[in-house]
């Protein structure tokens, strides 16, 4: 069953992704100074064009203002376009744009840095981080620039996953990052890169690939509420081709809505996802029954277990029909009475009674049923009654009244079973009750016994003369 995706898309564009901090380093001036002194052999091969060029570089090192860095960098580039330190300048451009929170400029600067060093940790991290800002999830077609940016980010993500150790080596990471820090940051960057591959496929509307990549991301780190939501989106989008996988989409949305630990969506976003889940779950299943259990299961496990499924509305209806058919085969009398109840409770109940029941001897052999059978609720009067009230469909809910042509013998306690056939006289819809005229001889199961008459004992008084 296909349900609307508009609400889910709105949620997808609302939830933002923060730029990662997998290459955190010290302020640019201090780090730049470290890099300057770090490689003496390379330093010998480089020369400043003149003192003025060095002074430009040094003015960047001595300030913490990224706006000033950018002004000096532009001046430096204009005056010394062929500088031996052009690669350092490109890295400083990246740092300036990152500090100024300029995603587009930082993304472009990171590409320039990668031309010098394809394994530069800061540049790769910037690219996979800023792609979310540059190409948000949208129903609109991708622009040529967005398509190009996605390709760049995809390549960066693959580079991270394929060369993690190389990227975090001393030659490619910030100078101030220790071996211990590098080791600690590797897993998180790998997860982020994997998540980014899934995001890119989702933005491209390559939903099968998005499903594959996002599932891998959750296998690497299950505590990612945003990824669970995206995965639900990817599966949901394949509904027409693969309707059998829709229970997985419901599970993924349930995970995004219910998981509240580290890496979860913000509380407000979880509430919106939950509201959306209630709508689509009810539409798919036919009711909200089982949703609480699904939420509990998904909160504890990011991916559905093998063989997981949720019955569709069609499945539920089919099982209901099959159960009713089985019950009818096992108890055709009860099945017939339930159908009578259903007809009389409908909008056309009065017409049905007038045309099909009133004045007719029922059940009259319909579907092989010769007598109705019910539990005795009451008899009036209690002894030698002429009116019996029975419960046929539900043992505790009276639904048939029998008006006898002559009294039955004795008294019978409520609870026993009575069988009968009779002529339908009238009915009420609420509470449901059908009244029959019944001949005494058509009653079976009556076990009433007459109450023995009390014997009166006459005492004899002794005569006075005795």
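The values are calculated or read from the model by the stated rules, or taken from the named source; none is laboratory data. It should be emphasised that the depicted structure is a prediction, and the values quoted were computed from it without experimental measurement. Here the Cβ is made from the backbone with ideal geometry for all residues, glycine too, and neighbour counts use every protein chain on show.
Per-structure values
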| item | result |
| --- | --- |
| Boolean, residue 392 is within 53 Å of the chain's Cα centre (by Cα), surrounded by 15 or more Cβ atoms within 10 Å (Cβ to Cβ) and modelled with pLDDT of 95 or more | yes |
| Residue count, the range 362-385 (criterion: surrounded by 14 or more Cβ atoms within 10 Å (Cβ to Cβ) and touching a helix residue (DSSP H, G or I) at 6+ places or on another chain (Cβ under 9 Å)) | 8 |
| Test: residue in the range 145-160 that is modelled with pLDDT of 95 or more, out of contact with any helix residue (DSSP H, G or I) (no Cβ under 9 Å at 6 or more places or on another chain), more than 23 Å from residue 230 (Cβ to Cβ) and part of a helix (DSSP H, G or I) | no |
| Qualifying residue in the range 166-181 (condition: over 19 Å from residue 91 (Cα atoms), touching a residue at least 12 places away in the same chain (Cβ under 8 Å) and in the same structural domain as residue 85 (by TED's automatic domain parsing)) | no |
| Pairs, first closer than 16 Å to residue 79 by Cβ in the range 36-65, second at pLDDT below 55, C-beta under 8 Å, six or more apart | 57/32; 60/28; 60/29; 60/32 |
| The range 265-290, residues that are assigned to a loop (DSSP other than H, G, I, E, B) and within 19 Å of residue 233 (Cβ to Cβ) | 265, 266 |
| Index of the failed condition, residue 300 passing every other in (1) over 17 Å from the mean Cα position of the chain (by Cα); (2) loosely packed, with under 12 Cβ neighbours inside 10 Å | (1) |
| Scan of the range 283-297 for residues that are at pLDDT 95 or above and surrounded by 15 or more Cβ atoms within 10 Å (Cβ to Cβ), ordered by number | 291, 294, 295, 297 |
| The range 322-367 - residue that is at pLDDT below 90 and farther than 22 Å from residue 395 by Cα and, of those, farthest from the chain's Cα centre (by Cα) | 366 |
| Residue in the range 123-143 that is surrounded by 14 or more Cβ atoms within 10 Å (Cβ to Cβ), without any contact (Cβ under 8 Å) to a residue 40 or more places away in the chain and assigned to a loop (DSSP other than H, G, I, E, B) present | no |
| Number of positions in the range 341-372 that are assigned to a loop (DSSP other than H, G, I, E, B) and under 13 Å from residue 424 (Cβ atoms) | 5 |
| Residue check, residue 422 under 47 Å from the mean Cα position of the chain (by Cα) and either at pLDDT 95 or above or buried (at least 16 other Cβ atoms within 10 Å of the Cβ) (or both) | no |
| Complete set of residues in the range 201-241 that are surrounded by fewer than 21 Cβ atoms within 10 Å (Cβ to Cβ), free of Cβ contacts under 8 Å to residues at least 24 places away in the same chain and touching a helix residue (DSSP H, G or I) at 6+ places or on another chain (Cβ under 7 Å) | 209, 216 |
| Among residues of the range 291-312, those that are outside any loop (DSSP other than H, G, I, E, B) and touching a helix residue (DSSP H, G or I) at 6+ places or on another chain (Cβ under 6 Å), counted | 5 |
| Cross-chain or 6+ apart pairs with Cβ under 7 Å, the range 350-371 first and without any contact (Cβ under 8 Å) to a residue 12 or more places away in the chain, then in a helix (DSSP H, G or I) | 352/343; 352/344 |
| Any hit, the range 243-256, residues being part of a helix (DSSP H, G or I) and over 19 Å from residue 307 (Cα atoms) | yes |
| Long-range neighbours under 8 Å by Cβ, at least six apart or interchain, first residue assigned by TED's automatic domain parsing to the domain that holds residue 119 and at pLDDT 95 or above within the range 69-98, second buried (at least 21 other Cβ atoms within 10 Å of the Cβ) and not in a helix (DSSP H, G or I) | 91/120 |
